[in-house]
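The values are calculated or read from the model by the stated rules, or taken from the named source; none is laboratory data. What you see is a predicted model; the values in this text were computed from it and never measured. Here the Cβ positions follow ideal geometry from the backbone for every residue, glycine too, while neighbour counts run over all protein chains shown.
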Amino acid sequence: MRITVEDKDTKQVFDMYSEESVEVLSHLWSKLCLHNKYTHNITWLGVPIIQFSNDIIMMQELIWKMRPDVIIECGLAHGGSALFYASLLEIIGKGYVIGIDIDIRPYNKIVIQNHPLSHRVKMIEGSSISESVVNKLKKKILGSTKIMVVLDSNHSTEHVLNELNIYKNIVTTGCYIVVMDGIQKYVWDIPNGKKEWKEDNPLDAIEIFLEKNPHFEVDSHYERLKVTTNPKGFLKKVLNNNNLI
């Protein structure tokens, strides 16, 4: 059995059970899911989470393994992801999530504050790269020894690179910065995509960052389910460069 992929310029044929076919089909499935907004159909404990189910499972594995004291999430949106992380911390029996967003809408804030897991979620309104927000954050995490960071706010190359250069000094050695939505680089051409994504995306920020920061490395273990919005997005801090806490 073979798989044929054809567009106006090229035609490729793959053996159905080859590793190449897995990569090609994963890529095409990701495009279809994002075009049809399948991620908007998923909730966590009643709140929209807007993630691929594969990525939710991978984050569960990572958080259970790391058992962090704090998970910093830049980009709160509806709050589903923050509550997902909080639910895992509740099972672990320690820790809290700090959600940072430039615009925490009143309805979303009410949902989070009234949720059974609200005691494990703190919120800061403002830009994730502003000095005032970072200073507020530092005060909240004093004394924490195991800190993870998730970057899921503005997905431009410049903004994500700025975030990486700030939060590299906040994430603790052995923990991770997870950069979401690098897949933008590969889905700019879907019908509801944006042409600028091809050259302006989180994946480019990751690659620029890694060139100058050898104390971080990509952990591809968390991409093994293939369908992911976070290519090269699981960055493990392997050497201590923590100068800010």
Can you name the residue in segment 54-73 that is under 27 Å from D103 (Cβ atoms) and within 15 Å of the chain's Cα centre (by Cα) and is also surrounded by the most Cβ atoms within 10 Å (Cβ to Cβ) among such residues? I71
Residue list for segment 35-50, filter: at pLDDT 95 or above, surrounded by 16 or more Cβ atoms within 10 Å (Cβ to Cβ) and either of a type outside the set (V, I, T) or not in a loop (DSSP other than H, G, I, E, B) (or both): W44, V47, P48
If K236 passes every condition in (1) of a type outside the set (V, I, T); (2) surrounded by 16 or more Cβ atoms within 10 Å (Cβ to Cβ); (3) at pLDDT below 95 but one, which one does it miss? (3)
Which residue out of K94, K109, K11, K65 is basic (K, R) and not assigned by TED's automatic domain parsing to the domain that holds W197? K11
Answer yes or no: is there a residue in segment 103-113 that is touching a residue at least 40 places away in the same chain (Cβ under 8 Å), under 21 Å from I50 (Cβ atoms) and out of contact with any Ser or Thr (no Cβ under 9 Å at 6 or more places or on another chain). yes
Evaluate the following for I177: is it among the β-branched types (V, I, T) and surrounded by 19 or more Cβ atoms within 10 Å (Cβ to Cβ)? yes
In contact (Cβ under 8 Å) with a residue 40 or more places away in the chain and within 22 Å of K198 (Cβ to Cβ): is that true of W29 in this structure? yes
Subset of segment 7-26 [of a type in the set (D, E, K, R), in contact (Cβ under 8 Å) with a residue 12 or more places away in the chain and assigned to a strand (DSSP E or B)]: D15
Can you tell me which residue within segment 116-147, out of those that are outside any helix (DSSP H, G or I) and polar (S, T, N, Q), is nearest to the chain's Cα centre (by Cα)? S128
Do we find that I177 is among the β-branched types (V, I, T), part of a loop (DSSP other than H, G, I, E, B) and either modelled with pLDDT under 95 or in contact with a strand residue (DSSP E or B) (Cβ under 7 Å, 6 or more places away or on another chain) (or both) in this structure? no
Which one of these is in the same structural domain as N162 (by TED's automatic domain parsing), closer than 18 Å to I166 by Cβ and either modelled with pLDDT of 95 or more or surrounded by 19 or more Cβ atoms within 10 Å (Cβ to Cβ) (or both): K195, K212? K212
Restricting segment 54-76 to residues that are touching a Leu at 6+ places or on another chain (Cβ under 9 Å) and assigned to a helix (DSSP H, G or I), the residue that is farthest from D181 (Cα to Cα): W64
